[in-house]
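Enquirer: A single structure is presented below for examination.
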Amino acid sequence: VEKHLIPALDQVGADYEAGHAFLPQLLSAAQAAQAVFAVIQESMGEGDAVRKGKVIIATVKGDIHDIGKNIVKLMLESQNIDVIDLGVDVPAATFVQTAKEQNCQVICCSALLTTTMDVMADVVRCAKEAGIRDSVKIMVGGAVLTPEFAKEIGADFYAKDAKQSADIAKSILG
């Protein structure tokens, strides 16, 4: 995943931004990546490994991009972390309600659109209002985010890529 798939997706994204690839190529690459993820997940199986903790992951309300989220999910699962994937276009309250009901230690929020970044601030606010902010860590990531934005909204962590996301979650969960 780290040596071949992620660099290939990065290249397709760069080609798209440079005008050398177009939406059909971008969508084809996304579909191919999702097929690869399905095969990798199937081959990983459950195994007898000790689970390290529970994480929620989703793309925030108003955003339907999930390639990055799916890569992070795969990396987390490879670290024996239970992942509850809420999908895309998820409201802040759903992140928090699920974290509370499922006793999750980490909430991972993903966004690709600048117009949806504020939903991440809503997740932090909802977690405070629900009384779980001290017991759950909030990690944010996505191409449009910065460490400064994460700090500004009160998130605990900013992850620049899937590997860093997995490393952060592993350090939180022990």
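Enquirer: Under 16 Å from a label point 7 Å along Cα→Cβ of Glu17: give me every residue in segment 118-153 with its amide N that close.
Expert: 142-147
Enquirer: Given the DSSP H assignment, sum -39500 (n - 2.57) over each helix run of at least 4 residues in the chain and divide by its residue total; what's the result at 222 nm in deg cm²/dmol, nearest 500?
Expert: On the way: 7 runs with 90 residues, N = 174.
Result for the chain: -16500 deg cm²/dmol, rounded to the nearest 500.
Enquirer: What would the Debye equation give as log₁₀ I(q)/I(0) for segment 97-144 at q = 0.14, 0.25, 0.26 Å⁻¹, counting only Cα atoms as equal point scatterers?
Expert: Per q value, in the given order, log10 I(q)/I(0) is -0.33, -0.90, -0.95.
Enquirer: Let me ask something else about it. Based on a Kirkwood Rh over C-alpha pairs, give the Stokes-Einstein translational diffusion coefficient of the chain at 20 °C and viscosity 1.002 mPa s in µm²/s.
Expert: For these conditions, the coefficient is 131 µm²/s.
Enquirer: Moving on. With no solvent and one point per C-alpha, what does the Debye sum give as log10 I(q)/I(0) for segment 68-137 at q = 0.20, 0.21, 0.22 Å⁻¹?
Expert: The Cα Debye sum returns log10 ratios of -0.86, -0.94, -1.01.
Enquirer: Sequence-distant or interchain residues sharing an amide H contact under 5 Å with Cys109, placed H: which?
Expert: Amide H neighbours of Cys109, under 5 Å, 5+ apart: Met139, Val140, Gly141.
Enquirer: Something else about it: Please list, ordered by chain and number, the residues whose modelled amide H lies under 5 Å from the amide H of Lys61; skip anything fewer than 5 residues away on the same chain.
Expert: Under 5 Å from the amide H of Lys61: Val90, Ala92.
Enquirer: In addition: Explain nothing, just compute: Karplus ³J(HN,Hα) = 6.51 cos²θ - 1.76 cosθ + 1.60, θ = phi - 60°, for every residue of segment 20-25 in order, whole Hz, x for Gly and Pro.
Expert: For segment 20-25, the Karplus curve yields 8, 10, 10, 3, x, 5 Hz.
Enquirer: Which aspartates and glutamates have a Cα lying under 12 Å from the Cα of Lys73, excluding residues fewer than 8 positions away in the same chain?
Expert: Qualifying aspartates and glutamates at Cα under 12 Å: Asp82, Asp85, Asp161.
Enquirer: Short version: ³J(HN,Hα) in whole Hz for each residue of segment 6-19, in order, from phi by Karplus 6.51 cos²θ - 1.76 cosθ + 1.60 (θ = phi - 60°), x for Gly and Pro, what are they?
Expert: After applying 6.51 cos²θ - 1.76 cosθ + 1.60, I find 4, x, 5, 5, 4, 5, 4, x, 5, 5, 5, 5, 7, x Hz.
Where a number appears in this text, it was derived from the coordinates with a stated rule and is not lab data. None of these values were measured; they are calculated from a predicted model. Ideal geometry is used to build each Cβ from the backbone, glycine not excepted, and the neighbour counts take in all protein chains shown.
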